[in-house]
Structure formats: C-alpha cells, structure tokens
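> Have a look at this one.
The values are calculated or read from the model by the stated rules, or taken from the named source; none is laboratory data. Owing to the predicted nature of the structure, the values given are computational and were not obtained by experimental measurement. All Cβ positions, glycine included, derive from the backbone under ideal geometry; neighbour counts span all protein chains shown.
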Amino acid sequence: MGRFVLRRLLQALPLLVAISAVSFTILKLTPGGPLAAYEGNPLFTDEDRARLEHAFGLDQPIPLQYLSWLGQFVRGDWGYSFASHQPVLLLIGERLPNTIYLMGTVFVTVLLLAIPIGVVAAVKQYSWFDHLVTGSTFAFLSTPTFWLGLLLIILFGLQLRLLPIGGIDTPGQPFNIFDRLRHLVLPVATIALVQLGSHVRYLRASMLETITQDYMRTARSKGLGERVVVLRHALKNAAIPLVTVLALDVPELFAGALVTEQIFGWPGMGRLFWDAATRFDYPVLMGILTVSSGLIVLANLLADVVYGYLDPRIRFG
Amino acid sequence: MRGSFIALAVATLVVTACGQTPGGSAASNPPSASDMPVRGGTAVIAIWQEPSTLAPVYANQTVSDIVNYGVLEGLAETTNAGEYVPTLAKSVPTVANGGVTVTGDKMDVKWELQSGLKWSDGQPVTSADVKYTWEIYLKDPKVNTRTGFDQIASIDTPNDATAVVHYKTIYAPYPLNFYQLMPKHLLENEADISKSDYNRKPMGTGPFKITDFKAGDSITLEKNSNYRLAPEKPYLDKVIFRSVPSVEVAMAQLKAGEANAVWNLTAAQSVDLDKITGLVNQVVPGPSVERIEMNTAQNKEFTDPNSVNPVLGDIEMRRALLYATPKQQIIDKLFFGKAQVGSSPVSQGWAAFKGPQEGYDPRKANDTLDKAGWVKGPDGIRAKNGARASLSYTTTTGDATREKVQQVLLDEWKAIGVEVKIQNQPSSVLLSGSCTSKDPRKLGSFDLVQFSSAPGIDPHSTVLPRYHSKNIPTQANCAGQNYTRIKNPEIDAAIDAAGATLDQEKRKQSYATALKLLNDAYVIIWLYDRADIDARQDALKGWEPNAWQRFTWNIESWWLKK
C-alpha cells in the first residue's frame, strides 16, 4: 500500500505541473487582461498602460511569464494580486475559513442525512417513503443550484421575511451564534439539497444491490436481528461506493461553490475566484487553480486508498 | 431580533444632515424644524462590487472612490456646477488671485494649507505631504496614472503651510492634481506601499476612518475625531459598505431594510423602486456620454489612417445614419426618460457644449442618400460605386440595454437601405484599450462602435487624445484614442489653442469651435448622456447631487432620521 501511495504521489507531480502550464496558457490567450479595468479613468494614458504592463510582467512572452511564476511558486512565493496588491496567500487565507465553514457544514449535513434516508428507502423499497425519496431526489438532482438558491431567497428572504438574504452575518453587529446560523441556513440548504439528490440515490442503489446478496441471507439465517443485519453487514458494504463519492467532494471544501457563493454574497473562495476571473487577476487565479487541481489529485488518491482499505478484495499492485 | 434589526436599519438611514460642503458653494435649503440633523447611527450602503484596493495610488474602480470620499481629502474638489472649491487649502489659486504665475510656457501654483489640519492619527498635515504625494506618484511603478504629476518639475515647501508647485507646461487641470493627499509620515519608510496596510485602510483627513476591512464582506468606517469639522460633523457614527454579489441583491436588501442606500442602478431598475414609498431615487445627470463612433478608415486590423472606408467615408452616408437615429424614442423606451439626448462629448461643466445634433428625420435620411447616389438594390440595400451599404455594429456583450439599442437601430437603418451586422465583443476586449488585447477601436477593425466615456472635469484629457489627428492609433504606435481616424487641421488647431492657455473663457470658446467642427463632420452619433442613479431610503437625509463626484461626496453631512 505504501509503495502504491508513493508511486501515485510521484505521478501526481508532473501532472500538476502540466495542469498549471495548460491553465496558465489558456488564461493568457484569453482576450482581455488586468488593465482593462483602468480604462474607465479619463486620465489613464498609454504611457501609464505601458508602464503597468511592464510592472506586472505582462510584456514578456508567455512561456517566460509562466516559468517565472512557477519558479516563485515552488519556493513559496505565490505572488501578489494585480488588483488588490495583497499577497495571494493572504487572500486565500482570508476566504478559505469561510468556505470551509460553509462547505464543511454542507458535507456533514449531507453525510448525516444521506445515510439514514438512503438506508430506509432501500430497506423499505416500494413503500410511500421510498417513492417520496426517489421522486424528490430526482427533482433536486436535476435542479440547477443557482435557480434553487434564488427561489429560496425569494421565498424565505423576501416574501416570508424569515431568513436573511445573504452574507455571512449582519454587518456591524458583534459576533452572535444565532445570527451566524440564520445566515447559514439558505446557502447550506441550496447546496445540500442538490447534493443529497445524488448521494441518497447512490446509497440507495448500492444498498438494494447488497441486500439481495447471498451473505445477507446467511446473516439472517444465523439468527441475527434485522437491525444488525442491515447496519453491520449491508450498510458497511453498500457504503463503499458512497465513500468514494464523498472523497471526491473534498476538493469542494477548498474551491467552494462558485455560483452559490455569488448568489448569497458569501465571502469565500468561490467569490474570490469569480472576482479574480472577471479581473484577469492572474496570480490569484493560478494560486487557486493549482491548489484545486492538487486537491483533486489527492482526493482521487484518498478515495482509492479508502476503497482499498474497506474492501479487502482490492490488491494494490 | 428581526424587528430590532429593522429598527436599527431605519434609524441608520436617517442621519444625513442637510448638505453643506466644506467651503463649498452648493446651494442648500436651510433646514426646517423637522429636518434638523440628528446625531448618531450607522448607515449601511450596499455596493455590488468589492473594491480590490482603496489606496488612491492604485485604485481604478468607481467603488473605491465611493468608499474613499468618506476617508480621503485633497487640496480642492468640484461642485455640481463644475467649479473648483478648496477643501484642505485656504483657497483655490488662480491667475486672478495671484496664486498662479505664468512665465512663458511654464507656470507656478502656490497652495496655502488651512491651519490646524490633522491626519486621522493626530499628526499635522503639512506641505511636505503635498510634495510626498507627487514624489510617490513618480517613483512607484504600479501607480494607476501619472497624468498631471508628470507635468511637475519640482515642488518647494518654504514653510509647513505652503507648497509651490513648479509645472513644466501650462497644465489647466491643476486644481484637482492633488485631489487625494497621502501621508508622508506614515508611508515614507515603506519600501513598497502596495504591500502595506494602506491598501485596505488608507489614512486620510476625512470625516471617517476605516476601522475594518473584511474581504468580500464589508468595510467599516467610523467617525474621525481629528476631522477638521469635528465635533459638529460627521453626523453619522458609522458607515458600513456592505459587499453584495449583484445589483439585484442590493435592491432586495434596500427593499428589505437591510441596506440604507444602493449605488448605480439602471433606469429600468430604478423604475421598480419608484413605486415603493419610503425609497428615493437620486437621478444625477452625469458627464458620461454613450455614443456610436464611425470608422472613416477601412475596417481592418491595423488599418492605414489614410485609407477610406468604402461606406462610411462618404459624409452623406454618415449624415443619413444620424438622421435615422431616434434618440428621444430610445431614451423614452429604454431609460424611462431618465437620460438626456446627447449632443457632444462634453455635456457638463464650464466647457459644456450643447451641439446640437440634428434630430430624427428618416425621410431626410432617405433623401440625403438618394441625392448622394446611394441607389437601392433589389434587396433593399443601397450601393454606390460598387460598395454595398453593409456595416458591422459593435458594442459590449451581455448588456441588455445596449442590445436593445442595437435592435432599434438595426430596424431604423434597414428602413433607409443600410444593412447592419451585429458583431459584439466582451468588454474585456472591446474596452481593453490596447492593441495586444485586440481592442477593435484601437486596431480600426470596426465600422460602428458603441460605448460610453466620460471626460474629467477638465475636458482636455479626453478631447486631445480623441479628436486630434496626431492621436490616431497605428501599428507602429498604438497610443492615441482617435478611433474615428478624423483628420481635420481646424479641429487640431482649436484643440491646441485650448490647451495652451489658462484663460477659461478662451478655452471654452476653443473647445466649442472644435466640437462644432466635430459635429459637422458627422463622425459620431451622441446617443444620450447617462445619468447616475442611486437609491436611498427616505430616512437617509443630506444627499446633494454632484455630477463630478460620487454620491458619497458629502457623506459628512448625511444623517438618519429616526
């Protein structure tokens, strides 16, 4: 197992470099640049533009720009934002806790809800509960998050006035746990409902397949109670594909939900990425893209490792 | 909890005092008994774009200005009428009052600071700060623009309250050169200001100081006890700029009472708010003019300035396009009347030129084209000398209002026999202002291009680069903004004359000459003058319009009515 992990990690490094090179090139080839924002200033002259292009290193050929970025990046210098002049690491550090706060809550919520709902739906197949679950998960899984988010805002924020429209807390107020929780409800609901749609179905399908296995019959015939049969034997095996899917949700803890954060005005990584993308803020974009791709590679590895751990039939070459 | 929050929000709105600008000449009604300013409270302003930096040396966003009006001040500012008034200076130096001395083609400007001025940290404001501001603009490679500062040869500071600025040329916009002062004592030892806290919390002399900058969330301003008009002003205790993701969310917050004011609405959005009692739309005609510029040179990349556009090279065609443009109709239908018919690039201020351009007359358009020899073909499209009247029409993508304007004009121009093909580009390209980013205006690869632009309070900064023949961008030299590629020696002479003197009357006449000639060349259709529309709750008092500064320009005079 150890050699397997090591080999995968070594394979990951050139992959990440390749990803960063391709991302960088695509970003640079996209028409537009960070200096478009200065156009609105009637005093901005062409000399100013030339000076800024030089100051930001934009007048050099693309491969040279990439290599200088890469050289600094691996030494820990992630550069400074073109727009705000803050260090990229600081910008990410400011937003990351908010995203982890949101996506972590989503992750836990989905985990805690998907398992019981999926299990009960599978065990009581064809019951009214099962029909309700399959129907609503299908609906939620097909719903675009931005639409669901806006709908919830209109319903609970504007019409019923029960919950705040957006933001992480009420500005100007000292820290208040209830205020925070109230602001958390709608964004979490938006993302979690859509994710539950798929995760519940995964688990339900997996459980249905497991329940019909021969060894389940053996367990029952050993005289074990139904609950032990279901939880200890069926769920443990049925959970394996779900664990793989959950492990792939881990990169979202970092990257955040781009659209949902925009809708709810959540000061997280998703919004940072969006703002940087519209402003062609290359250092910030490269910082976020590189870490996201790194996390995806790691999460894939994690999923494979966990899968191998749970299922002893898997052997690592 | 919700109820008390709403009460707080309403309370915050009310504290805008009747607007008295510092040393300003803005007319304001004397407060009636029920309108006496109330002290205290917090105003929440929803901004749907987050300022990436607030340091005046680097900032390039409107929203940075909006926040900074509460924090930073300079030597002088502008009133709604376009006049210069002193802020930190005792008076605005002019030739008449002896503050400005012109010798040959150079000039010296003497600024006297008021006494007792302090930065928000209590340190005194001195002429050394004026000199430092100039030095840092020239030294730091990342400043947004050096315009103005690069015209200064040196600055003398004979005493703490006096700064004598020696200009290398006659620089007419000198009153606003030091429009935001930077503190020498705080920044002189910073190796790189861009890496300091000054980006997020710039220190100034204004009514408030920034106490908190929560990225992506909010910026908090609190009363500055060292403000020169303290303790009387500011009336508000705190102002919070709350970052929201879009203007629709900002409007929703305004309606829900979570915000007291919202910035920069479109006319269509403001109509939505008009119907709600308790909310007020502030419509201020601004200097920004939306226009359609025509390329008189050939439509191709890096076009030769001496080439001639086969269709638009004919002045009669350009005239006809203008006659077939229903400006008032567009304003009525798309802007609900909240804009004005455009007539020139300088619509406001002392140099305002009101054209006019001829109005909508499709019959005249058809007659003009008939007489000029543009014959309608079997498909209804005119042609002359083998050139078919088919033009490309470019504006920014994703702008619903502009798309509607395009649809209107497409139909109107088809009716006079001109075929128009829409070829829009994202604003990051179309407005990038650079040849490398493929801005079609710079390259000359367009026929008709629609965008808006606002001159500064001094029109020379836009009139010179845009309408002077020496400023046509070419492959060899991409500098210059003369997109129409107009080459008229009389216009050039008038612009040069306006730039060579400080006499405002003479300059105004020179600009009028140049702009009249420009209109007579029919190279630009001035569609409409954009208005700035901001909305507030009625309880937030003290707002005064100012076309040249952002709506927070007199934030020290705002108060919330309880």
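> If you go through region B:197-205 one residue at a time, do you hit one that is touching a residue at least 24 places away in the same chain (Cβ under 8 Å) and assigned to a helix (DSSP H, G or I)?
Within region B:197-205, one or more residues are touching a residue at least 24 places away in the same chain (Cβ under 8 Å) and assigned to a helix (DSSP H, G or I).
> Grab the helices (runs of 4 or more DSSP H) fully contained in region B:393-458, keeping just those with 3 or more residues being away from chain A (no Cβ under 13 Å) and either out of contact with any His (no Cβ under 7 Å at 6 or more places or on another chain) or modelled with pLDDT of 85 or more (or both).
Filter on region B:393-458 gives B:400-415.
> Quick check, is B:ASP458 closer than 26 Å to A:THR30 by Cα and buried (at least 20 other Cβ atoms within 10 Å of the Cβ)?
No; evaluated as a whole, the condition is false for this residue.
> If B:GLU232 satisfies all but one of (1) surrounded by fewer than 18 Cβ atoms within 10 Å (Cβ to Cβ); (2) facing another protein chain (nearest Cβ under 9 Å), what's the number of the condition it fails?
(2)
> A further question follows. Test each condition in (1) closer than 27 Å to B:LYS516 by Cβ; (2) in contact with a strand residue (DSSP E or B) (Cβ under 8 Å, 6 or more places away or on another chain) for B:GLY417 and report the one that comes out false.
Only one criterion is unmet by B:GLY417, namely (1).
> Evaluate region B:489-496: report whether one residue or more is free of Cβ contacts under 8 Å to residues at least 40 places away in the same chain, part of a loop (DSSP other than H, G, I, E, B) and either surrounded by 16 or more Cβ atoms within 10 Å (Cβ to Cβ) or more than 14 Å from chain A (Cβ to nearest Cβ) (or both).
no
> Considering every residue within region A:71-81, establish whether at least one is over 30 Å from A:TYR309 (Cβ atoms), part of a helix (DSSP H, G or I), hydrophobic (A, V, I, L, M, F, W, C) and within 14 Å of chain B (Cβ to nearest Cβ).
Checking region A:71-81: not a single residue is over 30 Å from A:TYR309 (Cβ atoms), part of a helix (DSSP H, G or I), hydrophobic (A, V, I, L, M, F, W, C) and within 14 Å of chain B (Cβ to nearest Cβ).
> Which residue out of A:VAL291, A:VAL259, A:VAL250 is within 14 Å of chain B (Cβ to nearest Cβ) and under 22 Å from A:ARG95 (Cα atoms)?
The match here is A:VAL259.
> Take the residues in region B:459-480 that are within 11 Å of another protein chain (Cβ to nearest Cβ) and free of Cβ contacts under 8 Å to residues at least 24 places away in the same chain; name whichever of them is farthest from B:ASN519 (Cα to Cα).
Across region B:459-480, the extreme among qualifying residues is B:ASN477.
> Mind checking which residues of region A:1-44 are within 14 Å of chain B (Cβ to nearest Cβ), in contact (Cβ under 8 Å) with a residue 24 or more places away in the chain and of a type in the set (S, T, N, Q)?
Matches in region A:1-44: A:THR30 only.
> Which residue out of B:TRP559, B:TRP543, B:TRP548 is touching a Leu at 6+ places or on another chain (Cβ under 7 Å), more than 30 Å from B:ASN309 (Cβ to Cβ) and aromatic (Phe, Trp, Tyr)?
Among B:TRP559, B:TRP543, B:TRP548, only B:TRP559 is touching a Leu at 6+ places or on another chain (Cβ under 7 Å), more than 30 Å from B:ASN309 (Cβ to Cβ) and aromatic (Phe, Trp, Tyr).
> Can you tell me which residue in region B:541-562 is nearest to B:PRO285 (Cα to Cα), limited to those that are touching a Lys or Arg at 6+ places or on another chain (Cβ under 8 Å) and at pLDDT 90 or above?
Among them, the one singled out is B:TRP543.
> Against the condition in contact (Cβ under 8 Å) with a residue 12 or more places away in the chain and either within 13 Å of chain B (Cβ to nearest Cβ) or basic (Lys, Arg) (or both), how does A:LEU196 come out, does it pass?
Answer is no for this residue.
> Now for a separate question. Can you give me the number of residues within region B:248-265 that are within 12 Å of chain A (Cβ to nearest Cβ) and of a type in the set (Val, Ile, Thr)?
Summing the residues that are within 12 Å of chain A (Cβ to nearest Cβ) and of a type in the set (Val, Ile, Thr) in region B:248-265 gives 1.
> Considering only region B:181-196, how many residues are more than 10 Å from every other protein chain (Cβ to nearest Cβ) and either part of a helix (DSSP H, G or I) or surrounded by fewer than 24 Cβ atoms within 10 Å (Cβ to Cβ) (or both)?
Qualifying residue count for the region: 10.
> Looking only at residues that are assigned to a loop (DSSP other than H, G, I, E, B) and among the aliphatic types (A, V, I, L, M) in region B:459-482, which one is nearest to the chain's Cα centre (by Cα)?
The extreme case among them is B:ALA479.
> Can you name the residue in region B:41-85 that is out of contact with any helix residue (DSSP H, G or I) (no Cβ under 8 Å at 6 or more places or on another chain) and among the charged types (D, E, K, R) and, of all such residues, is farthest from B:ILE457 (Cα to Cα)?
Residue satisfying both the conditions and the ranking: B:GLU73.
> Answer with yes or no whether A:ALA139 is in a helix (DSSP H, G or I), small (Gly, Ala, Ser) and surrounded by 14 or more Cβ atoms within 10 Å (Cβ to Cβ).
Answer is no for this residue.
> How many residues are surrounded by fewer than 16 Cβ atoms within 10 Å (Cβ to Cβ) and basic (Lys, Arg) if we restrict to region B:389-416?
Summing the residues that are surrounded by fewer than 16 Cβ atoms within 10 Å (Cβ to Cβ) and basic (Lys, Arg) in region B:389-416 gives 2.
> Residues that are on the phi < 0 side of the Ramachandran plot, within 12 Å of chain B (Cβ to nearest Cβ) and free of Cβ contacts under 8 Å to residues at least 60 places away in the same chain: does region A:141-156 have at least one?
Within region A:141-156, one or more residues are on the phi < 0 side of the Ramachandran plot, within 12 Å of chain B (Cβ to nearest Cβ) and free of Cβ contacts under 8 Å to residues at least 60 places away in the same chain.
> Also, I was wondering about something else. Kindly state which helices (runs of 4 or more DSSP H) lie completely within region A:215-284 and contain at least 1 residues that are basic (Lys, Arg) and modelled with pLDDT under 85.
In region A:215-284, the matching helices (runs of 4 or more DSSP H) lie at A:236-255.
> To continue, here is another question. When region B:235-248 is examined, which residues are found to be at pLDDT below 90 and either more than 19 Å from B:ALA535 (Cα to Cα) or surrounded by fewer than 19 Cβ atoms within 10 Å (Cβ to Cβ) (or both)?
B:SER246, B:VAL247, B:GLU248
> Taking region B:389-418 as the region of interest, how many residues are small (Gly, Ala, Ser) and free of Cβ contacts under 8 Å to residues at least 60 places away in the same chain?
Total meeting the criteria: 3.
Yes/no per residue for (1) touching a strand residue (DSSP E or B) at 6+ places or on another chain (Cβ under 6 Å); (2) surrounded by fewer than 21 Cβ atoms within 10 Å (Cβ to Cβ):
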{"position": "B:ASP272", "(1), (2)": "no, yes"}
{"position": "B:VAL284", "(1), (2)": "yes, yes"}
{"position": "B:GLU293", "(1), (2)": "yes, no"}
{"position": "B:THR296", "(1), (2)": "no, no"}
{"position": "B:PHE302", "(1), (2)": "no, yes"}
{"position": "B:ASN306", "(1), (2)": "no, yes"}
{"position": "B:ALA320", "(1), (2)": "no, no"}
{"position": "B:THR325", "(1), (2)": "yes, no"}
{"position": "B:ILE331", "(1), (2)": "yes, yes"}
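> Now for a different question. How many residues, within region A:57-78, are closer than 13 Å to A:PRO34 by Cβ and surrounded by 19 or more Cβ atoms within 10 Å (Cβ to Cβ)?
Number satisfying all stated conditions: 1.
> Moving to a separate point now. Looking at the structure I just gave you, is B:THR205 within 28 Å of the chain's Cα centre (by Cα), farther than 23 Å from A:GLY157 by Cα, crowded, with 20+ Cβ neighbours inside 10 Å and away from chain A (no Cβ under 14 Å)?
Spelling it out, B:THR205 is indeed within 28 Å of the chain's Cα centre (by Cα), farther than 23 Å from A:GLY157 by Cα, crowded, with 20+ Cβ neighbours inside 10 Å and away from chain A (no Cβ under 14 Å).
> Inside region A:82-137, can you point out the residues that are within 13 Å of another protein chain (Cβ to nearest Cβ), over 20 Å from the mean Cα position of the chain (by Cα) and of a type in the set (D, E, K, R)?
none
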